[in-house]
1. Which value results when the Cα radius of gyration for the chain is divided by 2.2 N^0.38 Å?
2. Normalised by the number of residues in the range 2-136, what is the relative contact order in percent for Cα pairs under 8 Å and 6+ residues apart?
3. For a quick protection proxy, order the peptides 49-62, 73-86 by their average other-Cβ count within 10 Å, most packed first.
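What follows draws every value from the coordinates through simple rules; no lab data is involved. Computed from a predicted structure; not experimentally measured. Please note: Cβ atoms are built from the backbone with ideal geometry, for glycine as well, and neighbour counts cover all protein chains shown.
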Amino acid sequence: MERTFIMLKPDAVQRGLIGQIIARFEAKGLKLVGMKLKRVDRALAEAHYAEHRGKGFFEPTVNYIMSSPVVAMVWEGKNAVAAARELMGATNPAAAAPGSVRGSYGIDISRNVVHGSDSPASAEREIGLYFRPEEVLSYTKAGEDWLSE
Ligand code: CDP
Ligand code: MG
């Protein structure tokens, strides 16, 4: 089973969208295995977005992520990374498919509501930034045998 790191960004928290977005991940059939409300400091924000250092949006993005608490989560399931990216939609909400999280709740690329890892390797790195190993749980969830063979 694959794991992915999902973060509800400050705009999602401030706009009261936490429950609605989490409901979509649950309904998809992914399993929540880690979750915390967290204020992100500069060191963590810069580490998270390190691949974008030097780009014009790096500093604004770091400041945005630090601006209010976020909900950091680990979701597990079959092809969890790709499934979550599909649920989230394109980076720019203006181009994201209608019905995707960003397509439903966003209007501008600088406030795109949610983060999701772009590969299993990124997921492992990002989970390690936000969670201690014992904060990511293994458990059996009722009904999971109805999700795949
Ligand atoms: O988040 P995602 O992996 O879809 O996109 P990214 O290209 O890795 O960019 C990371 C984040 O930087 C985006 O989610 C936006 O919050 C921000 N960004 C931005 O504000 N303006 C851009 N032109 C590109 C990215
Ligand atoms: Mg990315």
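1. Scaled against compact globular proteins, the figure is 1.00.
2. Result for the range 2-136 is 38 percent.
3. 73-86, 49-62
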